[in-house]
Each structure stands twice: as C-alpha cells, then as structure tokens.
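What follows is a single structure, written as structure tokens, with notes after it.
The values are calculated or read from the model by the stated rules, or taken from the named source; none is laboratory data. Computed from a predicted model, the values in this text were never measured in an experiment. Glycine gets a Cβ as well: all are built from the backbone with ideal geometry, and neighbour counts include every protein chain shown. These area figures cover heavy atoms from the full protein model, side chains too; ligands, DNA and RNA do not enter into them. Shrake-Rupley method; radii C 1.70, N 1.55, O 1.52, S 1.80 Å.
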Amino acid sequence: QVQLVESGGGLVQAGGSLRLSCAASGLPFSTYVMSWFRQAPGKKREFVATITWSGDSTWYTDSVKGRFTISRDNAKNTVYLQMNSLIAEDTAVYYCAADSGSKWPLAEYGYWGQGTQVTVSS
C-alpha cells in the first residue's frame, strides 16, 4: 500500500519559517518525481514546487520563488519543503504528491498525501 504522510505544518507569524516533510512508503521513491501542492480556503489546488528523481532540478510557482526550497533524501524516502519569509497568502493545506514520470511530459500524480495545515498570522 502506497502511503504519503505530510508533517511539519502549524501556526507561524508572518516572516517566520516552517519545514514540511513528506514520508513515502510502498513505492520506489528514488525513481519518482515529487511535488508539493497547496489549497487555500475557497481556492483551487495550486502547484507549489517539484523536484526530479536525482534532485538536480527543481521548479517553483512564481509566488514562492526565493522563499521556498524543495529537497529530497532518497535514503530516507522523504521530500521536504523549507518555507521562509512566510506571508499570509501562504496559508493553506499543503499536500505532497508522487509522479512516476511514465507519462512525461504530462504530469501524473498517482499518489497524494492527506495534507498538513499551514497558517500564517499577520
């Protein structure tokens, strides 16, 4: 059974930092592209960041560039999202997702975590 479990969310003041983790099990983690998405109240799910199998390439949505950093530790089957200089607009439920890459260049996120809440107070 494939399982993705996010952790590290919470309440933080604007300007603060949080580090989210996503622990994966039941899949060949090192061969999967891993991504983070978020969904704010009343909004559609939004892409945040992605990282390739080897971790040598990353992509970010414009609103988080320079503030967020995605990384992975294949030995621990874990992907991270370091979030710095947080602003109120970052408030959302954050989800991690796994893409086998089999339909490249199309994205196929076959597995999703249950999400972790991030709330930024201003």
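By how many nm would the segment from W59 to Q39 grow when fully extended, if each residue of separation counts as 0.36 nm and the alpha-carbon distance is taken off? Provide the component values of the computation, followed by the final result.
On the way: separation 20, 0.36 × 20 = 7.20 nm, distance 1.81 nm.
Extra length from W59 to Q39 when fully extended: 5.4 nm.
Per residue, how much accessible area does the range 40-104 have with a 1.4 Å probe, in Å²?
Working: 3530 Å² over 65 residues.
Using a 1.4 Å probe on heavy atoms only, each residue of the range 40-104 averages 54 Å².
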Checklist line | Alpha-carbon radius of gyration plus Dmax, which is the widest Cα pair, for the range 50-94 in Å | finding: 11.5, 34
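Tell me the relative contact order for the range 39-122 as a rounded percent, counting alpha carbon contacts under 8 Å between residues six or more apart.
Details: 110 pairs, mean separation 18.9, N = 84.
The normalised contact order for the range 39-122 reaches 22 percent.
Estimate the FRET efficiency between W104 and L11 by the formula 1/(1 + (r/R0)^6), using the beta-carbon distance for r and 35 Å for R0, to the nearest 0.05.
Numbers: r = 38 Å, r/R0 = 1.08.
Efficiency for this residue pair is about 0.40.
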Checklist line | Per-residue ³J(HN,Hα) for the range 80-96, Karplus 6.51 cos²θ - 1.76 cosθ + 1.60, θ = phi - 60°, Hz, x for Gly and Pro | finding: 10, 9, 8, 10, 10, 6, 5, 10, 4, 5, 7, 4, 4, 8, 9, 10, 9
Next item on the list: For the range 30-100 and the range 4-24, write down the distance between their C-alpha centroids in whole Å.
Entry: 11 Å
Margin query: For F47, what accessible surface area do you get with a 1.4 Å probe? Give it in Å², rounded to 10.
Written below: 60 Å²
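Taking 8 Å as the Cα distance limit and 6 or more residues as the minimum spacing, I'd like the relative contact order of the range 1-54 as a percentage. List each step's numbers first, then the result.
Numbers: 65 pairs, mean separation 15.6, N = 54.
Dividing the mean separation by the residue count of the range 1-54 yields 29 percent.
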Margin query: Can you give me the solvent accessible area of S54 with a 1.4 Å probe, rounded to the nearest 10 Å²?
Written below: 80 Å²
Note to self: Just to be sure I understand the model, the point goes 7 Å from the Cα along the line to the Cβ. What's the resulting T31 to D73 distance in nm?
What the structure shows: 2.4 nm
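What order do T31, T116 take when sorted by accessible area (1.4 Å probe), most exposed first? Mind showing how you got there, number by number?
On the way: T31 60, T116 20 Å².
Final ranking, largest accessible area leading: T31, T116.
How do R67, R45 stack up against each other in accessible area, from largest to smallest, with a 1.4 angstrom probe?
Order by accessible area, largest first: R45, R67.
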Checklist line | Length released on extending from A23 to A88, taking residue separation times 0.36 nm less the Cα-Cα span | finding: 20.8 nm
